[in-house]
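The values are calculated or read from the model by the stated rules, or taken from the named source; none is laboratory data. This is a predicted model, so every value here is computed, not measured. Cβ placement follows ideal geometry from the backbone for every residue including glycine, while neighbour counts extend to all protein chains displayed.
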Amino acid sequence: MASSVVIHAPSMNCGAKAELIMRALPDWFGIEEGIVSYIAAAQRMPTVVATEDSVPVGFMTIEQHFPHAAELHVLGVVQTHHRQGVGRRLLEVTEAWLRERDVRWLQVKTLAPSRECKFYEQSRRWYEAMGFEPLQVFPLLWDPSNPALQLIKRL
């Protein structure tokens, strides 16, 4: 139940927690090289983690590119906790933390709609419901079979 989920302030060294969540989401995290890269990111970048009974159920890793601009570098919520407000709560804590640091812009990249995938369609709908707006498609950022969609939000 989402009401017993605790959202922890951003901290470093969260790679192991992020890995548990990513490995539980093979439909979103199916490329081993990507998982390894994201684990390393969650180790060195601020990461907000959601736990239930001390078990990680969601995370959001923040990369700050410029003083006023940041990115949700990687995030995930285990499927048993989808549609229970966990992602929204992770984002609220992340946005509050960024606003305290004078960040005005938040971006995220996800799979573009030109590559059909019901799982990433669900992700795009969530981002838009959270106030993100599509900005640009990068057909070759990751690789030709995985075009990237950049979304942005004013904080």
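Every condition in (1) touching a Phe, Trp or Tyr at 6+ places or on another chain (Cβ under 7 Å); (2) without any contact (Cβ under 8 Å) to a residue 40 or more places away in the chain holds for ILE152 except the one numbered (2).
When GLU71, GLU128, GLU100 are checked against the criterion of being charged (D, E, K, R), within 22 Å of ARG44 (Cβ to Cβ) and touching a residue at least 12 places away in the same chain (Cβ under 8 Å), a single residue qualifies: GLU71.
Do we have any residue at all in the range 130-149 that's touching a helix residue (DSSP H, G or I) at 6+ places or on another chain (Cβ under 8 Å) and of a type in the set (D, E, K, R)? Looking for residues that are touching a helix residue (DSSP H, G or I) at 6+ places or on another chain (Cβ under 8 Å) and of a type in the set (D, E, K, R), one finds none in the range 130-149, hence no. Restricting attention to the range 39-59 and to residues that are under 14 Å from GLY85 (Cα atoms) and not acidic (Asp, Glu), the residue that is surrounded by the fewest Cβ atoms within 10 Å (Cβ to Cβ) turns out to be THR51.
Can you confirm whether the range 8-17 contains a residue that is modelled with pLDDT of 95 or more, among the hydrophobic types (A, V, I, L, M, F, W, C) and touching a Lys or Arg at 6+ places or on another chain (Cβ under 6 Å)? Within the range 8-17, none of the residues are modelled with pLDDT of 95 or more, among the hydrophobic types (A, V, I, L, M, F, W, C) and touching a Lys or Arg at 6+ places or on another chain (Cβ under 6 Å).
Among the residues examined, THR80 qualifies as over 12 Å from the mean Cα position of the chain (by Cα), farther than 16 Å from THR47 by Cβ and among the hydroxyl-bearing types (Ser, Thr, Tyr).
Looking at the range 112-141, which of the residues that are within 26 Å of GLU95 (Cα to Cα) and in a strand (DSSP E or B) is modelled with the lowest pLDDT? Across the range 112-141, the extreme among qualifying residues is LEU141.
Pairs only if they're at least six apart or on different chains, beta carbon under 8 angstrom, first in the range 7-34 and within 11 Å of VAL49 (Cα to Cα), second among the aromatic types (Phe, Trp, Tyr) and outside any loop (DSSP other than H, G, I, E, B); list them, first residue then second. Listed pairs, sorted by first residue: ALA9/TRP97; PRO10/TRP97; CYS14/PHE59; LYS17/PHE59; ALA18/TYR38; ALA18/PHE59; ILE21/PHE59. Only one residue in LYS153, LYS109 is over 22 Å from LEU25 (Cα atoms) and either outside any strand (DSSP E or B) or touching a strand residue (DSSP E or B) at 6+ places or on another chain (Cβ under 9 Å) (or both). Which one? The unique qualifying residue is LYS153. A single entry from THR61, THR80, THR51, THR47 fulfils the requirement of being touching a residue at least 24 places away in the same chain (Cβ under 8 Å), hydroxyl-bearing (Ser, Thr, Tyr) and out of contact with any helix residue (DSSP H, G or I) (no Cβ under 7 Å at 6 or more places or on another chain): THR51. Can you say whether VAL74 is touching a Gly at 6+ places or on another chain (Cβ under 8 Å) and either assigned to a strand (DSSP E or B) or modelled with pLDDT under 95 (or both), as far as the supplied structure shows? For VAL74, the condition - touching a Gly at 6+ places or on another chain (Cβ under 8 Å) and either assigned to a strand (DSSP E or B) or modelled with pLDDT under 95 (or both) - is not met.
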